[in-house]
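S.K.: This is the structure I want to talk about, given as structure tokens.
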Amino acid sequence: MIIKYVLPLSLLSASFMASANLRWFDIELIFFERPTDSELKEDLSAEDFPAINYTNSKDIIAEAYQELQNVKYKECMGIEVNNENGDQIDGFDQPAISSNDVIEAFETSSQINNDDELDNLAQLECQRYSNVAELDALPVTPDALTFEHTDYIYLLSKEQLELNETVSRLKRRGLTPLLHTGWRQPESNIRNATPMYLYGGKNLSAVINKSENEQSLEQMLNEYTQFGQSDAIDLNGVPQSSDIDAFPSDIVNNVEPFENTPSPLLTEQTWQLQGKFKVFIRRNYLNIEADFDLNELVEQTVDNINFTDGDNGLALQQLTETVLKTERFSQFRRVISSEIHYFDHPKLGIIMQIRRYNH
């Protein structure tokens with residue numbers, strides 16, 4: 001009977017020792033834009049590559065941002081906040097909001113009738129920018145709380161990053177840093193390692209004016225509906241079949257049926273820089289696997305069939321539309337801890353250092 005219980009206890013002890021001996025690393029990255037080479041002939045477009053697969057990726061920036069916003073919200077509401085050691089957290093330049101502050105902030109809005117409405121307004125004021133997706137641009141170094149534990153993977157705070165002088169040198173050389181961040185993670189093989197979903201720069205989803213886009217869709221719908229009305233209604237200038245036949249077939253056949261759906265840029269978050277970065281152990285060596293897209297919005301001219309009230313009924317019109325241009329960066333490489341590595345790309349530069357975390 002004694003042996004029956006000794007074996008599970010020994011296995012539990014071995015498992016605990018393995019976890020305690022697990023190595024942890026700090027990974028620090030700097031992404032920056034490189035000047036465009038006018039003589040570059042190579043096509044770097046991501047159209048020839050499959051879309052980046054973010055399955056099982058960890059949005060570590062959003063998690064850290066939300067943790068920080070939760071602390072700021074509690075401080076704003078006057079709620080005591082404690083850190084992992086039970087000590088009270090302070091240092092945020094955001095004092096608890098007062099009734100006078102709320103009334104002053106909303107004095108141009110509807111009259112506040114009771115304390116419940118005042119509390120609701122205070123909560124709304126304290127909940128501003130509670131989601132990273134609402135930002136027009138991400139700070140070069142995303143904010144994070146400072147932790148010193150090995151319970152789970154987490155983003156490093158500004159104080160824990162060590163390549164700040166490198167960022168300053170890049171700026172002095174006229175280069176534009178897009179993202180400077182880092183995280184703490186345990187060692188893992190390629191199968192079990194967690195890819196980090198990283199992004200930075202401008203939130204291109206927020207650049208497009210949604211109201212103007214919806215107005216454009218409404219105008220298209222009106223034109224489409226008018227064109228589809230029956231022959232019993234007097235439609236001066238509406239093209240007959242002969243008018244359509246007179247148009248080049250490749251243009252008419254390529255006209256897609258109207259669908260009242262928003263642009264994909266309005267339904268998905270698209271950042272100036274976004275991708276995934278994975279660090280893992282392979283044959284006893286550190287390795288990295290990275291896939292990133294560098295995005296920008298560009299204007300391009302397209303041909304469009306316009307239904308007019310003129311004699312011909314059909315007119316070929318050129319329109320300017322905003323499209324997303326994407327260039328891909330991919331890297332699979334063995335690296336050495338403590339050394340500073342540089343990954344080159346005609347449009348993007350990446351500086352990386354992996355440090356052993358002593359805990």
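The values are calculated or read from the model by the stated rules, or taken from the named source; none is laboratory data. Note that the coordinates shown come from a computational prediction; the quantities given were computed from them, not determined experimentally. Counting neighbours? That spans all protein chains shown, and the Cβs are built from the backbone with ideal geometry, glycine included. Accessible surface is based on the protein model in full, side chains and every heavy atom, while ligands, DNA and RNA are left aside. Shrake-Rupley method; radii C 1.70, N 1.55, O 1.52, S 1.80 Å.
S.K.: Out of all the residues in segment 57-72, which are open to solvent by 60 Å² or more (accessible area, probe 1.4 Å) and over 21 Å from Gly200 (Cβ atoms)?
M.R.: Result: Asn70, single match.
S.K.: Of all residues being at negative phi and not in a strand (DSSP E or B) in segment 265-297, which is modelled with the highest pLDDT? Just the residue, please.
M.R.: For segment 265-297, the residue satisfying everything is Thr270.
So that you can scan it fast, the table gives a plain yes or no per residue for (1) exposed (fewer than 13 other Cβ atoms within 10 Å of the Cβ); (2) outside any strand (DSSP E or B); (3) at pLDDT 90 or above:
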{"position": "Glu256", "(1), (2), (3)": "yes, yes, no"}
{"position": "Asn260", "(1), (2), (3)": "yes, yes, no"}
{"position": "Asn304", "(1), (2), (3)": "no, no, no"}
{"position": "Ser330", "(1), (2), (3)": "no, no, yes"}
{"position": "Ile350", "(1), (2), (3)": "no, no, yes"}
{"position": "Gln353", "(1), (2), (3)": "no, no, yes"}
{"position": "His359", "(1), (2), (3)": "yes, yes, no"}
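S.K.: Give me the pairs: first residue in segment 158-173 and open to solvent by less than 20 Å² (accessible area, probe 1.4 Å), second residue aromatic (Phe, Trp, Tyr) and outside any helix (DSSP H, G or I), beta-carbon distance under 6 Å, and six or more apart or on different chains, which are they?
M.R.: From residues that are open to solvent by less than 20 Å² (accessible area, probe 1.4 Å), the pairs are Leu170/Phe32.
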